[in-house]
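Chemist: Here it is, the structure in full.
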Amino acid sequence: MANIADDKELLLQFKAPATKEAAFTQIVRKYQEKLYWHIRRIVVDHDDANDVLQNVCIKVWKSLDNFREDSQLYTWLYRIATNESLTFLEQQKKRAGVSFSDVETGLSNKLKADRYFDPGKLEWKLQLAIQTLPEKQRLVFNLRYYDEMPYEEMSRVLDTSEGALKASYHHAVKKIEEFMLNH
Amino acid sequence: MVHSADIGMELKGISEVVAGLPPVTPFVVPEGFFAHFPEKVLTLVRSLEGGAEEVGPMLSPGLRDRITLQAPPPGYFEGFAENMMQRIRAEEAGSLAENGSLAAAAGPARAEAPETPALLEDLRRAATFQAPKGYFEGLPERMLARAKAADAMTAPQGNEAPQDVDEELRELSPLLASYPRVYPGTVPAGYFEAFDPMRVGTPVVVMPEKATPETASGTGARVLPITGSRSSVRQILAAAVTVGVMLTSGVWGYHIYLRPSSDVQNEINLKSPDQLNSALAKVSDQAIIDYLKSNTDVSDAELIASEVDDQQLQNAVDNGKTDNDSKASE
């Protein structure tokens, strides 16, 4: 996964005022795509993903000085991205005054509204199946299936025990299988 | 994209179907989106930290649109900085004034030390926060209603009494609930039609009816209010009488049956008719005659007469005549 040695070097550079901006640019360049896709799979829409990614970067800029190096930078960034994405969905829910199930329906509708949406293609059908999952299972499935994140790291990102994550992933896969077979 | 061996094996173990799906995200990113993203973010960060760079052009279309939609009214930014500074000063002054009041509470020496300027005094009097209009009207009632609602929500389901009697009975005893809930006793024909409350020991009190729409039209049932205080007085009286009777019976029973034998050694024991007869046998005839002379009346004479048969009465009359005749001849 992430090159830890490089991250440590970047963090050192970030702490020096002269190299702070250059280090920040490198960190963003290094993780931007991983973070973007992680966010995009949660919020679905590109513009929303862009807004959330920018918020994540601003938070990273403000908080990186206080980052404790007992955890990996990669894990820390995913944690911020996950929290920001969920906060974004929560705000959408409050703004619209709808329940979370309505938000999930809204996410499915966003999928269907995508310019490239093709219900005949398996990858799109899989996306529809993922949107039927509960929030936690959706997160776990995406992190494991697409990002291939080890459970140990995932437990730090989602603050959940590895056993619970394995169970969530198992349930998620079974539900997706059922959806794929019946739709 | 292909899954790594570990993830693929794990997935296959859970679901062959899902393992066979292409692990591809079908979403598309606008071309060149990532090319200058770090620089854009850096510009954004600088602007947030007080840099002079214009933020708008580098924002995503979605974010720009939102900013346009949420644009403040014209003139909003005129004097904005001054207004903000005034508010900040006012807030700081408020907290200073609060510290001053805390110092006053701590002791007179500390309270006298800081001289509060007149401006701060005015600010302290001014209400910093305002409640919505009418917020406090009916607030206790609203709070009570919310507390009750919260109680109802948190009350254990098991302790909740069912609204319906049949439902409750079904929960307690399905067998009993299956029986028809009808009282088998009957009332004599026309009992209620001929029922006269005045013939009952405690007449039913009928309060004057209020002219409600139902009673005025004659369609509604008449309501007979129950006067709680009167019935409770009656209950107390009945209880007092009952207790009195029980106490009297107890004392009497004690004297007759339970009193130690040493106390009644010299008294007449009336436990059985034989004992009564033997006790009476000890009384002299003269004493009985004297007693009857001073204590009998007409009803006693009738009682005695009813106890004596006709033959005995005739003999007594004949004997009386004979006695009288002999006295007359003498």
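Bear in mind these aren't lab numbers, they're just calculated from the coordinates by the rules spelled out. Small disclaimer: the values here were computed from a predicted structure and weren't measured. Cβ: placed from backbone, ideal geometry, glycine included. Neighbour counts: every protein chain shown.
Chemist: For peptide A:122-133, compute the average count of partner chain beta-carbon atoms within 10 Å of each residue's beta-carbon. Mind dumping the intermediate values first?
Modeler: Details: counts 5, 7, 2, 2, 7, 3, 0, 2, 0, 0, 0, 0.
Per residue, the number of nearby Cβ atoms from other chains is 2 on average.
Chemist: Can I ask one more? Go through B:237-249, A:28-40, A:66-78 and give me the packing order, highest mean Cβ count within 10 Å leading.
Modeler: Numbers: B:237-249: 10.0, A:28-40: 20.3, A:66-78: 15.5.
Final packing ranking: A:28-40, A:66-78, B:237-249.
Chemist: Over the whole of A:73-80, what's the average partner chain Cβ count within 10 Å per residue? Rounded to a whole number, please. Please list the in-between numbers first.
Modeler: On the way: counts 0, 0, 0, 0, 0, 0, 0, 0.
Across A:73-80, the average partner-chain Cβ count within 10 Å equals 0.
Chemist: Let me ask something additional. Would you mind ranking A:Lys125, A:Lys20 so that the residue whose beta carbon has the fewest other beta carbons within 10 Å leads the list? Please list the in-between numbers first.
Modeler: Numbers: A:Lys125 18, A:Lys20 15.
Fewest-to-most ranking of A:Lys125, A:Lys20: A:Lys20, A:Lys125.
Chemist: Nearest 10 degrees is fine. How inclined is helix A:73-96 to the longest principal axis of chain A, computing both from alpha carbons?
Modeler: Here the helix axis deviates by roughly 50 degrees.
Chemist: Take the Cα radius of gyration of the range A:40-130 and divide it by 2.2 N^0.38 Å, with N its residue count; two decimals is plenty. Can you show the working numbers first?
Modeler: On the way: Rg = 15.5 Å, N = 91, 2.2 N^0.38 = 12.2 Å.
Computed over Cα atoms of the range A:40-130, the ratio equals 1.27.
Chemist: Hey, fewest Cβ within 10 Å first, where do A:Ser161, A:Ser108, B:Ser15 land in order? Intermediate values should be presented prior to the final figure.
Modeler: Details: A:Ser161 11, A:Ser108 16, B:Ser15 20.
Taking fewest neighbouring Cβ atoms as first place, the list is A:Ser161, A:Ser108, B:Ser15.
Chemist: For helix A:20-43, what angle does its Cα long axis make with the longest principal axis of chain A, in degrees from 0 to 90 and rounded to 10?
Modeler: Between the helix axis and the principal axis of chain A, the angle is about 10 degrees.
Chemist: For B:Ser249 and B:Leu292, compute 0.36 nm times the residue count separating them, minus their Cα-Cα distance, and round to one decimal in nm. Don't skip to the answer; put the middle values down first.
Modeler: On the way: separation 43, 0.36 × 43 = 15.48 nm, distance 2.98 nm.
That works out to 12.5 nm of additional length.
Chemist: Next question, about the same structure. Quote to one decimal, in nm, the extra length available between A:Asp118 and A:Asn66 on full extension: 0.36 nm per residue of separation minus the C-alpha distance between them. Numbers along the way, then the final one.
Modeler: Values: separation 52, 0.36 × 52 = 18.72 nm, distance 4.48 nm.
Computed gain between A:Asp118 and A:Asn66 is 14.2 nm.
Chemist: Right, next: Compute the signed sum of charges (Lys and Arg +1, Asp and Glu -1) over the other residues within less than 14 Å, Cβ to Cβ, of A:Lys8.
Modeler: Working: positive: A:Lys15, A:Lys30, A:Arg68; negative: A:Asp6, A:Asp7, A:Glu9, A:Glu69, A:Asp70.
Cβ neighbours under 14 Å give a net charge of -2.
Chemist: Give, in nm to one decimal, the length gained when the segment between B:Ala239 and B:Ala90 is fully stretched (0.36 nm per residue of separation minus the Cα-Cα distance). Mind dumping the intermediate values first?
Modeler: Numbers: separation 149, 0.36 × 149 = 53.64 nm, distance 7.39 nm.
Gain in length upon complete extension: 46.2 nm.
Chemist: Under a point spin-label approximation (7 Å from Cα along Cα-to-Cβ), what is the B:His36-A:Arg79 distance to one decimal in nm?
Modeler: Result for the modelled spin labels: 3.5 nm.
Chemist: Taking neighbour counts of Cβ atoms within 10 Å as a proxy for exposure, in what order, fewest first, do A:His170, A:His46 appear?
Modeler: Working: A:His170 16, A:His46 20.
With the fewest neighbours first, A:His170, A:His46 line up as A:His170, A:His46.
Chemist: Summarise the partner chain shielding of A:174-180 as one whole number: the mean count of Cβ atoms from other chains within 10 Å of each residue's Cβ. Intermediate values should be presented prior to the final figure.
Modeler: Working: counts 4, 2, 5, 7, 2, 2, 5.
What the average comes to for A:174-180 is 4.
Chemist: For labels at A:Ala167 and A:Ala18 in the simple 7 Å Cα→Cβ model, what's the distance in nm?
Modeler: Distance between label points: 5.5 nm.
Chemist: For chain A, find the longest principal axis of its Cα atoms and tell me its angle to the long axis of helix A:100-113, 0 to 90°, nearest 10.
Modeler: Relative to chain A, helix A:100-113 is tipped by roughly 90 degrees.
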